[in-house]
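Some notes on the structure that comes next.
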Amino acid sequence: MEFFGALQGLGVETATYAMFAALLLLLVTGIPLAFVTLLVALIFALGWFGPMAVPLITSRVYSFVTSFVFVSVPMFVLMAAILDRSGIARDLFDAMKLVGGRLRGGVAIQTIIVAVILAAMSGIIGGEIVLLGLIALPQMLRLGYDQRLAIGVVCAGGALGTMVPPSIVLIIYGLTANVSIGDLFTASFVPGLMLAGFYVAYVLIRAYLNPNIAPIMEPDDDQTWAEKMTLLKGLILPILVVIGVLGSIYGGIASVTEASAVGAMGVILSTIVRGEFSLSLLKGAALQTLQTVGMIVWIGIGASALVGVFNLMGGLEFIQSLVANISDNRLIVLLFMMGILFLLGMFLDWVGIALLAMPVFVPIITDLGYDPVWFGVLFCMNMQVSFLSPPFGPAAFYLKSVAPPEISLGEIFKSLLPFIGLQVLALAVLIAFPGITGR
């Protein structure tokens with residue numbers, strides 16, 4: 001009780017520092033972020049407001065988990081889980097061999113194109129990186145590609161699910177910032193393709209400056225037109241799913257939530273058409289979906305509770321005034337926020353960053369006269385960097401789980417540095433030219 005009394009005696013400024021110190025201290029112990037945020041929220045709620053504050057926490061959590069748009073998250077995760085267990089991605093990669101042709105660096109480029117198509121189907125990065133690590137990486141290494149280039153292409157390409165709609169990062173941002181997810185999808189489409197274009201340009205430049213790092217794939221001259229057409233069939237089902245999901249959203253036929261159901265059904269029908277569907281496949285995909293979405297929900301519950309308590313304490317106003325008063329130049333304030341997000345991305349999961357930082361940052365952005373939809377695209381581009389950046393870049397760990405044993409984690413992180421540079425360049429271009437998002 002004396003401890004809670006001491007908390008009540010703290011001012012907002014001191015309480016804010018105490019709250020962040022408690023968060024960092026508990027995170028260092030290895031406790032999952034979801035439980036850390038919930039525990040800190042409960043301690044400060046009881047300390048500042050007493051037991052009567054607990055219903056306020058539960059009501060805030062309830063409003064988060066009952067959001068209709070949130071239903072789209074498990075649907076898109078289910079799509080990714082089914083893709084992970086089917087041969088759709090492998091056939092898609094084989095079909096793209098016809099596009100690579102005699103182009104130097106063609107296999108790396110087709111890997112990036114496949115990554116874009118997979119991103120447009122599900123928007124989950126973990127599954128994409130594992131799939132590309134199993135399919136594309138061995139082929140590039142066998143053909144004599146530079147190991148670092150091959151690793152970078154797989155990780156950076158697989159992480160495009162953050163930017164290319166239907167991105168779950170955009171959905172969580174839209175829920176947190178209370179902006180239209182359809183507008184976010186529209187605004188992020190061109191920037192996502194722009195970033196993929198940067199990767200392709202980088203591969204081509206490197207390949208033609210040093211031909212040894214990306215040998216030309218020898219074409220299979222024995223392949224008949226019938227065999228080539230059979231390969232091209234691998235493109236049909238994925239493209240139909242992409243059209244079903246994005247076409248229904250952009251055409252105004254379905255909401256994001258309804259489109260996610262269309263996509264999930266499209267992927268299930270694709271496995272039926274291919275003769276791969278089974279109850280064990282569906283059960284495995286459902287369990288994987290439950291695990292992933294459960295993690296997202298628990299982080300959301302903890303973050304919602306913490307932000308709610310922090311808001312009641314007056315902490316949000318304190319942080320907003322602190323950030324807004326850094327400079328009279330709104331661009332410097334924006335760059336400061338990007339720097340904070342970059343640093344947070346090195347240590348925290350993107351879900352936690354979105355749910356903890358966006359309630360603070362978005363009101364500041366709006367007050368400065370910036371478009372919150374455009375800022376959402378910047379946030380997602382920033383999270384691209386977080387997926388690749390050491391020491392906890394998840395993309396590196398996803399690839400390490402399926403990479404040959406001789407490829408170390410340190411080697412993977414070194415391979416990602418040029419692609420992190422390209423992501424930072426894309427972020428700078430979006431800040432300099434906001435019209436790229438159509439806003």
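Overview of values
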| read-out | value |
| --- | --- |
| Cα→Cβ-extended label distance, 7 Å offset, between Q139 and L282, nm | 3.1 |
| Mean Cβ count within 10 Å, highest first, over the residues of peptides 259-265, 24-30 | 259-265, 24-30 |
| Positive-pole candidate from F342, I353, L269, dipole of the range 255-354, charges at beta carbon | L269 |
| Sorted peptide list for 283-291, 410-418, criterion being average Cβ within 10 angstrom, highest first | 410-418, 283-291 |
| Dipole axis of the chain (+1 Lys, Arg; -1 Asp, Glu on Cβ), positive-most option in I181, A432, I125 | I125 |
| With DNA, RNA and ligands ignored, accessible area of R90 (1.4 Å probe; Å², nearest 10) | 130 |
| Cα gyration tensor shape of the range 301-395, rounded if a/c is under 1.5, else prolate or oblate by comparing a/b with b/c | oblate |
| Spin-label model distance (nm) - F68 vs S327, 7 Å beyond Cα toward Cβ | 4.2 |
| Accessible area of V273 in the full protein assembly, 1.4 Å probe (Å², nearest 10) | 110 |
| The chain - Rg (one decimal) and Dmax (whole number), Cα, Å | 22.8, 82 |
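The values are calculated or read from the model by the stated rules, or taken from the named source; none is laboratory data. What you are looking at is a predicted structure, and each value in this text was computed from that prediction instead of being measured. Don't worry about glycine lacking a Cβ; one is built from the backbone with ideal geometry, like all the others, and counts go over all protein chains shown. For the accessible areas, the whole protein counts, side chains as well, though only heavy atoms, and no ligand, DNA or RNA atoms are used. Shrake-Rupley method; radii C 1.70, N 1.55, O 1.52, S 1.80 Å.
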